[in-house]
Each structure stands twice: as C-alpha cells, then as structure tokens.
Amino acid sequence: MGKQRQDGGGNPIAAKLVWKMERAVRGRLVHVKNLIAGQAAAEEVRGTVLTKEELADLHPAHAAWVYAQNQVSVMSEQLSLLDEMAPFVDIVSKAEDLHMPGGPPISPLTTSYFTCWAFFDACAGPSNETIGTTILELGAAFGMYPGLFGLIRSMQDSRMGLYTHEGTRGSLVTLREIVTGAEYRAIVPAGYRGQKGEIWYVRVLPPPTPGRPEHVVFTTPYILLRPGLRDWLAYFGRALPGARPGDYERHMKYGPSRTYWNDFVFEAYVNHR
C-alpha cells in the first residue's frame, strides 16, 4: 500500500518483524518482504493458490475473497518459519491437534471456518494480534497492493455471527443478525440456501468492490437446531450484561476464551448434509 506506515507500537510481534525486515539485506527476511510486496516469483507460489482460470469459475464476489485468503495463506506459510510467529504457530497447532479441522465426517470444523479463525481470530498478546494484523502491518511497511490490502483488512475485521434466515430472493439469501439487527443479502457459495426461520452461524463478508450488492457467506453454514432464537437472546443477555458498543462483536470474534467458539462447534455438532 505504497509506503504507508502504521504505528506498530501497539503490536509488538508485527513491530519486531518490520524492524528486522527493514534491516535485512539477504536471506529469508528479504524473501518474505518481497512476497508481502507482491514481488515474489510466480513459481514460488504456484500450486498453493487457485489459478486465474479456477477463480474465473467462481462468483465474482466470492472469487475476490478466495483470492485474498489464498494470498494470506501463502504469506502465513512463509512467515510461520520466523521465530517471531511462534505464538501463532503454537495456538493454531494446538487447535489442529485438538479438533482435527477439515470438515465432516472427520471433524465438524470445516476448512472454511477454521482457516478464517486461524488467520483472523486466533489472537496472541495484550493487543490481540493475529496473523492477519501482522500481515497488514508488514503490507503497510513494504508496499502491498492497495486492493489486496483492503480485502485483507476487511477479512481481519470480519467475525462469525448468528443470523436468522429471512427468506430467499433469486440467488440471494437474506440474513438478519439476531443481536445487531443488521440485514444482508448474500450469496452462499457452499450451495445451501436453507429455509426461512433457520438460525445460521456463519461469517458474512461485505461486497468486495463498491457498487456490488452481494455479501458473501464465506464459511459453510452451521444450522443451529436448538436452542431457539429466544434462548440465544437470553444467552447474550447473560454473557454480555450491560453490554457496551462493540462487546457483542468482540464476544463473537474472540469469545471468553481463545477456543470458545471452536469448542462450541465441536461439542454441539450432530450431523451434516
């Protein structure tokens, strides 16, 4: 993103990486810096991301987010080899060992759910740093392409949420968040259109480009069979007494504990189709 800089003082992991890369003259740090800035050779990432032809087969709104997540995956893989990233590696590795993500029938944690959690929600340190915030700090320091930077920023700002299904219109599903009341018309790339009245636990991403109407249900929908809407609202009343602005968003993104929502999915799961 040009040479725009962010204040890394509140994000010590990212600040340390920026400092080291600015002083590197050769080796892996330079390689990662070039990758962040989009200067890595194409063959270095070939096979780890979808091709342009594969992306072209997706809905345009979905394709933009898949592209961004693919780039985060490549950068995360390279960054994970650096000592400073050990806190994130430890958190994600333990979660993988505990929940064996990948989707039914092996695990209820789908790949789309777990990778978003690992990149954008699994936090370390007092600043709640994530792999996503670290990549954004590096991107601001070393000139990440603005379009990609904006997509990653939106993914980092996203979270899971609970929504009631309000019906379908054409190819779009209308979802209303049960706490905020916000309503979205979204495509569901997983192919499940659902039924009015269902409660979904999903991550909804905004339209990736201005002027497009479609939000994107980026994770495979989890349908909450029980309890019902009234009980969920009662739960949030207990979990967030006297809630201040932002409390619900933080609760859904980070939970009361680091693996809270992973444990919820793992323990509440009953079946799939």
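The values are calculated or read from the model by the stated rules, or taken from the named source; none is laboratory data. Bear in mind that the values here come from a model prediction, so they are computed numbers and not experimental data. Methodologically, a virtual Cβ is constructed for each residue, glycine included, from the backbone with ideal geometry; neighbour enumeration extends over all protein chains shown. Keep in mind that these areas ignore ligands, DNA and RNA; they rest on the heavy atoms of the full protein, side chains included. Shrake-Rupley method; radii C 1.70, N 1.55, O 1.52, S 1.80 Å.
Overview of results
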| quantity | calculated |
| --- | --- |
| Potential lengthening between Asp83 and Lys52 on full extension [0.36 nm per residue; Cα-Cα distance subtracted] | 7.9 nm |
| Non-local Lys pairs in the chain, i.e. 8 or more apart or on different chains, that have alpha carbons under 22 Å apart | 6 |
| Separation of the Asp97 and Ile223 label points, Cα + 7 Å toward Cβ, nm | 3.6 nm |
| The chain: calculated mean residue ellipticity at 222 nm from DSSP helix runs of at least 4, using -39500 (n - 2.57) | -13000 deg cm²/dmol |
| Linear extension gain, Tyr145 paired with Asp90, 0.36 nm per residue minus alpha-carbon span | 16.9 nm |
| Of all accessible heavy-atom area on the chain, the percent that carbon and sulfur account for (1.4 Å) | 53 percent |
| Charged-residue dipole, Cβ positions (Lys, Arg, Asp, Glu), the stretch 119-273 about Cα centre, Debye nearest 20 | 380 debye |
| Whole-number accessible area per residue in Å² for the chain, which is evaluated in the context of all protein chains at 1.4 Å | 50 Å² |
| Folded to 0 to 90 degrees: helix 60-79 orientation relative to the chain principal axis, Cα | 50 degrees |
